[in-house]
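Asks: Handing you a structure now.
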Amino acid sequence: MTSTSSSDLNEKFSARFPGKIEFPEDFRGETTWLVAKDSLLDIMRALKAEGFNYLADICSVDNSGQEPRFEMIYELLDLNKVKYLRIKTKVGEEESVPSVVSVWRTANWHEREVYDMMGVNISGHPDLRRILMWEGYPYYPLRKEFPLEGKKTELPDIAFTRPAPLEGGPFVTSPTGEVRSREPRSRAPEL
């Protein structure tokens, strides 16, 4: 998104939704808006009408120790004008964020994944249930308090019980040693 079109869009939406959008400085040519959670759905509908016809991704960040704890991130594209826009909104642990499935059907699985991995409640979702973990699983694996080595399970057939078939690489665990030291994130980078 060029700075001219970015600033024009910022002005247009700032006038339409006064006090509901913050416009941090563009970083590396990427535009990000911080949107008030109570206006998220209306702003998303307006952005789709503006031409942002493709929802590429939805993810969340766990800002453990901060309030509100979670940040929802939506990656939007206008495929006709080749524009990109990132929308962020904050949501507390006991709060919910409105579903955008009514705007982009592709949000369905993205929102389910955020719910399953982070435990962010999404109100108005047509089928909010786990998508990767089994029903009844009591944890949210991408939260910061979830241990790197994982949790023991009483269902041995559900999870891997042998080392992963790949060896080496920055994202593969080492086959030997204590579980905590085998995690790729715990190893010091090699220079």
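The values are calculated or read from the model by the stated rules, or taken from the named source; none is laboratory data. Remember, predicted model here, so these are calculated numbers, not experimental data. Positions of Cβ are generated from backbone atoms using ideal geometry, with glycine treated the same way; all protein chains shown enter the neighbour counts.
Asks: Picking from Glu95, Glu67, which residue would you name as being acidic (Asp, Glu), assigned by TED's automatic domain parsing to the domain that holds Gly19, exposed (fewer than 15 other Cβ atoms within 10 Å of the Cβ) and touching a Gly at 6+ places or on another chain (Cβ under 9 Å)?
Replies: On the way: Glu95 fails: touching a Gly at 6+ places or on another chain (Cβ under 9 Å).
So the residue among Glu95, Glu67 that is acidic (Asp, Glu), assigned by TED's automatic domain parsing to the domain that holds Gly19, exposed (fewer than 15 other Cβ atoms within 10 Å of the Cβ) and touching a Gly at 6+ places or on another chain (Cβ under 9 Å) is Glu67.
Asks: Might you check whether a residue that is β-branched (Val, Ile, Thr), out of contact with any strand residue (DSSP E or B) (no Cβ under 6 Å at 6 or more places or on another chain) and at pLDDT below 95 occurs anywhere in the stretch 122-138?
Replies: Yes: the stretch 122-138 contains one or more residues that are β-branched (Val, Ile, Thr), out of contact with any strand residue (DSSP E or B) (no Cβ under 6 Å at 6 or more places or on another chain) and at pLDDT below 95.
Asks: Is there a residue being more than 28 Å from Ser123 (Cα to Cα) and not hydrophobic (A, V, I, L, M, F, W, C) anywhere in the stretch 30-44? Explain how you work it out, then say what you get.
Replies: As a first pass, look at the stretch 30-44 and keep what is more than 28 Å from Ser123 (Cα to Cα): 30.
If we keep only those that are not hydrophobic (A, V, I, L, M, F, W, C) as well, we get 30.
Checking the stretch 30-44: at least one residue is more than 28 Å from Ser123 (Cα to Cα) and not hydrophobic (A, V, I, L, M, F, W, C).
Asks: Out of all the residues in the stretch 104-111, is one or more among the hydrophobic types (A, V, I, L, M, F, W, C) and at pLDDT below 95?
Replies: If we filter the stretch 104-111 for residues that are among the hydrophobic types (A, V, I, L, M, F, W, C), which is where we start, we get 104, 107, 109.
Pick out the ones that are also at pLDDT below 95 and you get none.
No.
Asks: Check off (1) at positive phi; (2) of a type outside the set (Val, Ile, Thr); (3) at pLDDT 95 or above for Ser39 and give me the number that stays unchecked.
Replies: (1)
Asks: Just checking, how many residues over the stretch 49-88 are outside any strand (DSSP E or B), charged (D, E, K, R) and in contact with a helix residue (DSSP H, G or I) (Cβ under 9 Å, 6 or more places away or on another chain)? Even if it seems obvious, please write down each step before you answer.
Replies: Applying the first criterion (outside any strand (DSSP E or B)) to the stretch 49-88 yields 49-53, 63-69, 79-82.
Narrowing the set further to residues that are charged (D, E, K, R) leaves 50, 67, 69, 81.
Subsequent filtering for residues that are in contact with a helix residue (DSSP H, G or I) (Cβ under 9 Å, 6 or more places away or on another chain) retains 50, 81.
Summing the residues that are outside any strand (DSSP E or B), charged (D, E, K, R) and in contact with a helix residue (DSSP H, G or I) (Cβ under 9 Å, 6 or more places away or on another chain) in the stretch 49-88 gives 2.
Asks: Go through the stretch 45-64 and report how many residues are among the small types (Gly, Ala, Ser) and surrounded by fewer than 16 Cβ atoms within 10 Å (Cβ to Cβ). Write out each step before concluding.
Replies: Of the residues in the stretch 45-64, the ones among the small types (Gly, Ala, Ser) are 46, 49, 51, 56, 60, 64.
Remaining after also requiring surrounded by fewer than 16 Cβ atoms within 10 Å (Cβ to Cβ): 49, 51, 56, 64.
Selection size over the stretch 45-64: 4.
Asks: Just to be sure, is Val101 in the same structural domain as Tyr140 (by TED's automatic domain parsing) and assigned to a strand (DSSP E or B)? Walk me through it before giving the result.
Replies: On the way: in the same structural domain as Tyr140 (by TED's automatic domain parsing): yes; assigned to a strand (DSSP E or B): no.
Considered against the rule, which asks whether it is in the same structural domain as Tyr140 (by TED's automatic domain parsing) and assigned to a strand (DSSP E or B), Val101 comes out as no.
Asks: Can you name the residue in the stretch 10-44 that is part of a helix (DSSP H, G or I) and under 19 Å from the mean Cα position of the chain (by Cα) and is also surrounded by the most Cβ atoms within 10 Å (Cβ to Cβ) among such residues? First the steps, then the outcome.
Replies: If we filter the stretch 10-44 for residues that are part of a helix (DSSP H, G or I), which is where we start, we get 10-16, 37-44.
Among the residues that remain, those that are also under 19 Å from the mean Cα position of the chain (by Cα) are: 37-41, 43-44.
Working: Lys37: 17, Asp38: 10, Ser39: 16, Leu40: 21, Leu41: 18, Ile43: 21, Met44: 23.
Ranking the candidates gives Met44 first.
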